[in-house]
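A.B. asks: Below you'll find the structure I mean.
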Amino acid sequence: MDFRLTPEQEALKKEFDAFFREEMKKAPPMAAGENVYDKDEPFAFHCHLAREMGKRGWLSMAWPKAYGGRDAPIIEQVLFNEVRGYHRAQGVDIQGVCMLAPTLFAAGSEEQKQEHLPHIARGERFWCQGWSEPNAGSDLASLTAKAQRVGDEYIINGQKTWTSNAHRAHWCFVLVRTDPNQARHRGLSFLLVDMKTPGITVKPLLAMDGGHHFNEVYFDDVRVPVGNRVGEENKGWYVTLMTMNFERTSIGAFAEAQKDIEDLAQFCRETKRNGRPLADDPIVRRKLADLATATEVGRTMAYNAAWLQTKGDLPADKASAIKVFATELAEKIAFTGCDIVGLESQIEFGSKWAPLAGRFAHAYQNCLPLKIGGGASEIQRTIIATRGLGLPRSD
């Protein structure tokens, strides 16, 4: 692999950087991570960025022009994601842009592509993911939400939980059981549901920090056209596996990690303990060096995944490896950041009194869900062992 960029790619990267440097000056203090879904002001900024990026065609650079894209090489989309991650900028609806859109390209009907992709590309239609249930998380195939087919419609009944952004989303992609006589992975279907459909109730699930990111979603006789099914009836599990792979690969996470490490290094240069700069402490230096090394490894993994996608092949074990590495690196950075900043790291996120805006204590509170959402690390390691190394499944 050759990591050198062409002059045109360098110019494009500078264009992205200039845009985000200017736009992020307007960002509200809490406009980071899933906080954008909590309060109205950060969410309004999230929507603003989505529309601005949509106008420039940046949300869909590698898509065909027929669906709102630019037919650009995938490396340009990777560069965009990397620069955006470095600036911690929001505006990308992960569920829509990064998960559903590539799923529709792979398995959606032409009508579904024409209906949804242009709206996603313009940054005007947000999505949520209706998968997990109270008794079906890591063991997703045990879900019980059902959809009964009646004529040209499905009637959905059941409950989903831990649904990020459901209170803000316009649409939801839902995994439901359409054949109760088939066990586990069989008998499931992948449906697209308008969140304005009668019978849908959304209730908040507050996070550790009090933020409203997650929700419970109840479906009571919710009618969905059969034309909203992605893929074949009772074969939605295979569509879901495809979507999971798209969710688990992102270079933006490693770019954000790089910025965190740079900020910590600058903090250490400027902060003294016991009369000496923290940057002189060999333990601190070693910790930051280890994080920087891990971040570069992760970045290389993400670039490799992007290259594999250009070849039409991204094995599940590669996607799982990136997911494990990225989320566990985020945890290490959060822990190290709190350790280096010290007691003042506990000052409320966004406070003007908090060193580094209280970012690392906030990350500390939110890093555990990262290791669970999209498939827990234990599940990812099982995928790596079985599909990547060919080891037998444990009983």
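A.B. asks: Among (1) in contact (Cβ under 8 Å) with a residue 12 or more places away in the chain; (2) of a type outside the set (Phe, Trp, Tyr); (3) part of a helix (DSSP H, G or I), there is one condition THR293 misses while meeting the rest; what is its number?
C.D. replies: (1)
A.B. asks: If LEU391 satisfies every condition in (1) part of a loop (DSSP other than H, G, I, E, B); (2) within 22 Å of GLU262 (Cβ to Cβ) but one, which is the exception?
C.D. replies: Result: LEU391 passes all but (2).
A.B. asks: Same structure, new question: Mind checking which residues of region 58-75 are under 29 Å from ARG4 (Cβ atoms) and touching a Phe, Trp or Tyr at 6+ places or on another chain (Cβ under 9 Å)?
C.D. replies: Within region 58-75, TRP58, LEU59, SER60, MET61, TRP63, PRO64, GLY69, ARG70, ASP71, ALA72, ILE74, ILE75 qualify.
A.B. asks: Follow-up. If you check GLU82 against the conditions, is it acidic (Asp, Glu), assigned to a helix (DSSP H, G or I) and either in contact (Cβ under 8 Å) with a residue 60 or more places away in the chain or over 27 Å from VAL230 (Cα atoms) (or both)?
C.D. replies: yes
A.B. asks: So which of ARG70, ARG84 ends up being in contact with a Ser or Thr (Cβ under 9 Å, 6 or more places away or on another chain) and either of a type in the set (S, T, N, Q) or within 22 Å of PHE126 (Cα to Cα) (or both)?
C.D. replies: Exactly one residue qualifies, and that residue is ARG70.
A.B. asks: Another one. Looking at (1) closer than 15 Å to GLY91 by Cα; (2) touching a Ser or Thr at 6+ places or on another chain (Cβ under 6 Å), find the lone condition where HIS48 falls short.
C.D. replies: So the condition that HIS48 fails would be (2).
A.B. asks: Can I ask one more? Of the numbered conditions (1) crowded, with 23+ Cβ neighbours inside 10 Å; (2) outside any strand (DSSP E or B); (3) not hydroxyl-bearing (Ser, Thr, Tyr), ASN181 satisfies every one except a single condition; which is it?
C.D. replies: All conditions pass for ASN181, except number (1).
A.B. asks: Next up: I'm trying to understand the selection: among the residues of region 383-395, which are modelled with pLDDT of 85 or more and of a type outside the set (Val, Ile, Thr)?
C.D. replies: Across region 383-395, the qualifying residues are ALA385, ARG387, GLY388, LEU389, GLY390, LEU391, PRO392.
A.B. asks: I want to confirm something. Restricting to region 9-68 and keeping residues that are outside any helix (DSSP H, G or I) and of a type in the set (Phe, Trp, Tyr), which single residue is nearest to ASN81 (Cα to Cα)?
C.D. replies: Taking the candidates together, the pick is TRP58.
A.B. asks: So which residues in region 301-346 are part of a loop (DSSP other than H, G, I, E, B) and either of a type in the set (Asp, Glu) or crowded, with 17+ Cβ neighbours inside 10 Å (or both), if there are any at all?
C.D. replies: ASP313, LEU314, listed by residue number.
A.B. asks: So ALA166 passes all but one of these: (1) crowded, with 21+ Cβ neighbours inside 10 Å; (2) modelled with pLDDT of 95 or more; (3) in a strand (DSSP E or B). Which condition number does it fail?
C.D. replies: ALA166 satisfies all of (1) crowded, with 21+ Cβ neighbours inside 10 Å; (2) modelled with pLDDT of 95 or more; (3) in a strand (DSSP E or B) except (3).
A.B. asks: What about LEU314, is it within 21 Å of SER250 (Cβ to Cβ), without any contact (Cβ under 8 Å) to a residue 24 or more places away in the chain and touching a helix residue (DSSP H, G or I) at 6+ places or on another chain (Cβ under 9 Å)?
C.D. replies: Details: within 21 Å of SER250 (Cβ to Cβ): yes; without any contact (Cβ under 8 Å) to a residue 24 or more places away in the chain: no; touching a helix residue (DSSP H, G or I) at 6+ places or on another chain (Cβ under 9 Å): yes.
So LEU314 does not fit the description; no.
A.B. asks: Looking at region 296-309, I want the residues that are assigned by TED's automatic domain parsing to the domain that holds ILE322 and have a partner that is surrounded by fewer than 18 Cβ atoms within 10 Å (Cβ to Cβ) and assigned to a helix (DSSP H, G or I) with Cβ atoms under 8 Å, at least 6 apart or on another chain. Which pairs are those?
C.D. replies: The qualifying pairs are ALA306/ILE74; GLN309/ILE74.
A.B. asks: Something else about it: Yes or no: ALA294 modelled with pLDDT of 90 or more, of a type in the set (Gly, Ala, Ser), surrounded by fewer than 20 Cβ atoms within 10 Å (Cβ to Cβ) and within 24 Å of ASN245 (Cβ to Cβ)?
C.D. replies: yes
A.B. asks: Also: Residues of region 269-288 being in a helix (DSSP H, G or I) and more than 12 Å from GLY342 (Cβ to Cβ), which ones?
C.D. replies: Correct list: ARG269, GLU270, ALA279, ASP280, PRO282, ILE283, ARG285, ARG286, LYS287, LEU288.
A.B. asks: Quick one: in region 73-119, of everything that is surrounded by fewer than 18 Cβ atoms within 10 Å (Cβ to Cβ) and of a type in the set (Gly, Ala, Ser), which residue is farthest from TRP131 (Cα to Cα)?
C.D. replies: SER109
A.B. asks: For region 120-156, what are the residues that are surrounded by fewer than 23 Cβ atoms within 10 Å (Cβ to Cβ) and assigned to a strand (DSSP E or B)?
C.D. replies: GLU133, ALA136, LYS146, GLN148, ARG149, VAL150, GLU153, ILE155 - these are the residues of region 120-156 that are surrounded by fewer than 23 Cβ atoms within 10 Å (Cβ to Cβ) and assigned to a strand (DSSP E or B).
A.B. asks: Could I ask something else about it? If I filter region 339-382 down to residues being of a type in the set (Val, Ile, Thr) and at pLDDT below 90, which single residue comes out as farthest from GLY130 (Cα to Cα)? Break it down stepwise before answering.
C.D. replies: First, pick out the residues of region 339-382 that are of a type in the set (Val, Ile, Thr): 340-341, 347, 372, 379, 382.
Still in the list and also at pLDDT below 90: 347, 372, 379.
Details: ILE347: 34, ILE372: 15, ILE379: 19 Å.
Restricting to residues being of a type in the set (Val, Ile, Thr) and at pLDDT below 90, the top hit is ILE347.
The values are calculated or read from the model by the stated rules, or taken from the named source; none is laboratory data. Everything numeric in this text was worked out from a predicted model, so none of it was measured. Because the Cβ atoms are built from the backbone with ideal geometry, glycine has one as well, and the counts that use them run over all protein chains shown.
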